[in-house]
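The values are calculated or read from the model by the stated rules, or taken from the named source; none is laboratory data. What you are looking at is a predicted structure, and each value in this text was computed from that prediction instead of being measured. Here Cβ is always computed from backbone atoms with ideal geometry, including for glycine, and neighbour counts include all displayed protein chains.
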Amino acid sequence: MKRLTYQGIIKLKTQGFCDIHDITKSVQRVVEDSCIKMGIVCVMSPGATAGITTCEYESGLISDIKDFFEKFIPQEAKYQHNVRWGDGNGFSHVRASLLGPSMSLPISKGVLVLGTWQQIIYIDFDNRSRNRELFVQIVGE
């Protein structure tokens, strides 16, 4: 088979402060639009104050994730980034750097390969609302 590439964009309006979005259906829609049946999809968030991972997207775990980040990387701690730039979002940069800006997943038979209770989530850690664009790139056949 011939190798194909495809790129899509997912647009989000986020609120910041650990705003968590389930982007699984949006990523799957891009996979379907690509017509690629076997391959790899990479979802990437440009910028330094947000991250992407997987989890079971349910209210208890979403609350636990928010509590985790606040406990271990609190908003009100002293961050050298804030001292230098005065923008108050040092915590969002640290959180995002630990989570990472992208992830890659396999595609099989035109469908994302995920566990039964596994969804792709996007977390905006910044200290303000944003209009975000996520890049979705697919390579396969």
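One table, with the values for the structure above:
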{"read-out": "Pair list, Cβ under 6 Å, 6 or more apart: the range 68-95 residue free of Cβ contacts under 8 Å to residues at least 24 places away in the same chain and closer than 16 Å to Ala48 by Cα, other residue part of a loop (DSSP other than H, G, I, E, B) and not polar (S, T, N, Q)", "value": "Asn82/Gly88; Gly90/Tyr79; Val94/Ile73"}
{"read-out": "Pair list, Cβ under 9 Å, 6 or more apart: the range 99-127 residue over 11 Å from Thr54 (Cβ atoms) and among the basic types (Lys, Arg), other residue modelled with pLDDT of 95 or more and assigned to a strand (DSSP E or B)", "value": "Lys109/Met38"}
{"read-out": "Filter result for Val31 (under 21 Å from Leu134 (Cα atoms) and over 15 Å from the mean Cα position of the chain (by Cα))", "value": "yes"}
{"read-out": "Residue match in the range 116-135 (condition: farther than 21 Å from Val30 by Cα and aromatic (Phe, Trp, Tyr))", "value": "yes"}
{"read-out": "Any chance Glu76 is in a helix (DSSP H, G or I) and out of contact with any Gly (no Cβ under 7 Å at 6 or more places or on another chain)", "value": "no"}
{"read-out": "Among residues of the range 80-105, those that are farther than 13 Å from Pro46 by Cα and in a strand (DSSP E or B), counted", "value": "2"}
{"read-out": "Filtered residue count, the range 106-130, keeping only those that are in contact with a Ser or Thr (Cβ under 8 Å, 6 or more places away or on another chain) and either at pLDDT below 95 or in a strand (DSSP E or B) (or both)", "value": "8"}
{"read-out": "Residue match in the range 47-54 (condition: out of contact with any Cys (no Cβ under 6 Å at 6 or more places or on another chain), in a helix (DSSP H, G or I) and either closer than 22 Å to Glu133 by Cα or free of Cβ contacts under 8 Å to residues at least 24 places away in the same chain (or both))", "value": "no"}
{"read-out": "The range 98-113, residues that are among the hydrophobic types (A, V, I, L, M, F, W, C) and within 15 Å of Val139 (Cα to Cα)", "value": "Met103, Leu105, Ile107, Val111, Leu112, Val113"}
{"read-out": "Meets criteria (without any contact (Cβ under 8 Å) to a residue 40 or more places away in the chain, surrounded by 17 or more Cβ atoms within 10 Å (Cβ to Cβ) and either touching a His at 6+ places or on another chain (Cβ under 7 Å) or farther than 30 Å from Gly140 by Cα (or both)) for Ile62", "value": "no"}
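Residue by residue, here is whether (1) touching a strand residue (DSSP E or B) at 6+ places or on another chain (Cβ under 6 Å); (2) surrounded by 14 or more Cβ atoms within 10 Å (Cβ to Cβ); (3) of a type outside the set (Ser, Thr, Tyr) holds:
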| site | (1), (2), (3) |
| --- | --- |
| Val30 | yes, yes, yes |
| Gly39 | yes, yes, yes |
| Asp67 | no, no, yes |
| Pro74 | no, no, yes |
| Asn82 | no, yes, yes |
